[in-house]
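Novice: Next up is a structure, given as structure tokens.
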Amino acid sequence: MNEDINVKSVKDAYLAFQDRNIPALLRCLTDDVRWFEVGPEDVIPTAGTRKGREQVGEFFRTLEASEDVQSFRPQDFVAQGDMVVVLGELTSRVRSTGGVINSPWVHVFTLSAGKISEFRSFYDSAAAVAAYGGVRTGAAKAGTSGTRRQALL
């Protein structure tokens, strides 16, 4: 697949997000998409791994309920083969605490036949934990949680 087409597909997904058109964004994904956002799942409601369009739709419902995204700026796009990496910045207010997340971010997309088959989001999760109030369970705080994420690659 042409790298320019892959970048356009990612930009289409971002445009749908910025327009809050989640059905259009979900149409940019493969049926079996893998979706990952970094962070402790016991603090950040959007953190963790989701599989399939339905779970990704739930991700966006959770995001809308949890945060008021005030600024979301994709800035640099780098494409190689079936992968597109995007650098950007965001400002988001946590609805439950009023805390603000200001963070640069990196999104890594894998595409298949012009659709997003995998998404990985990395950002300042410590800033997000602070904005959410930093409440964590004892096991997670101590780093002794028995749950380990499986590597996506």
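The values are calculated or read from the model by the stated rules, or taken from the named source; none is laboratory data. Not measured: the values here are computed from a predicted model. Cβ atoms come from the backbone with ideal geometry, glycine included; neighbour counts cover every protein chain shown.
Novice: Working only within segment 28-80, note down all residues that are out of contact with any strand residue (DSSP E or B) (no Cβ under 9 Å at 6 or more places or on another chain), in contact (Cβ under 8 Å) with a residue 60 or more places away in the chain and either closer than 25 Å to Asp4 by Cα or among the basic types (Lys, Arg) (or both).
Specialist: Residue satisfying the conditions is Gln80 alone.
Novice: Does Ala140 count as modelled with pLDDT under 95, assigned to a helix (DSSP H, G or I) and over 24 Å from Ala16 (Cβ atoms)?
Specialist: yes
Novice: With the condition kept exactly as written, say whether any residue in segment 80-97 is surrounded by 14 or more Cβ atoms within 10 Å (Cβ to Cβ) and over 23 Å from Asp124 (Cα atoms).
Specialist: Yes: segment 80-97 contains one or more residues that are surrounded by 14 or more Cβ atoms within 10 Å (Cβ to Cβ) and over 23 Å from Asp124 (Cα atoms).
Novice: Further question: Residue check, Ala24 against (1) surrounded by fewer than 17 Cβ atoms within 10 Å (Cβ to Cβ); (2) part of a loop (DSSP other than H, G, I, E, B); (3) aliphatic (A, V, I, L, M), all met but one. Which one?
Specialist: The single condition Ala24 does not satisfy is (2).
Novice: Then there is this: Testing Leu152 on (1) farther than 28 Å from Arg27 by Cα; (2) at pLDDT below 95; (3) not basic (Lys, Arg), one condition comes back false. Which one is that?
Specialist: Just one mismatch for Leu152, condition (1).
Novice: If you don't mind, another one. For segment 96-105, state whether one or more residues are under 23 Å from Asp12 (Cβ atoms), assigned to a strand (DSSP E or B) and free of Cβ contacts under 8 Å to residues at least 24 places away in the same chain.
Specialist: yes
Novice: Moving on to the next point. Name the single residue that is farthest from Asp19 (Cα to Cα) among those in segment 57-73 being surrounded by 15 or more Cβ atoms within 10 Å (Cβ to Cβ) and among the aliphatic types (A, V, I, L, M).
Specialist: Per the criteria, the residue is Leu63.
Novice: Looking only at segment 107-129, count how many residues are under 18 Å from Leu63 (Cβ atoms) and either not hydroxyl-bearing (Ser, Thr, Tyr) or not in a strand (DSSP E or B) (or both).
Specialist: Residues flagged as under 18 Å from Leu63 (Cβ atoms) and either not hydroxyl-bearing (Ser, Thr, Tyr) or not in a strand (DSSP E or B) (or both) within segment 107-129 amount to 11.
Novice: Then there is this: Restricting attention to segment 17-58, which residues are touching a Lys or Arg at 6+ places or on another chain (Cβ under 7 Å), β-branched (Val, Ile, Thr) and over 27 Å from Gly134 (Cα atoms)?
Specialist: Selection gives Thr30, Val33.
Novice: Working only within segment 3-27, note down all residues that are under 17 Å from Gln55 (Cα atoms), without any contact (Cβ under 8 Å) to a residue 40 or more places away in the chain and not charged (D, E, K, R).
Specialist: Asn21, Ile22, Pro23, Ala24, Leu25, Leu26 - these are the residues of segment 3-27 that are under 17 Å from Gln55 (Cα atoms), without any contact (Cβ under 8 Å) to a residue 40 or more places away in the chain and not charged (D, E, K, R).
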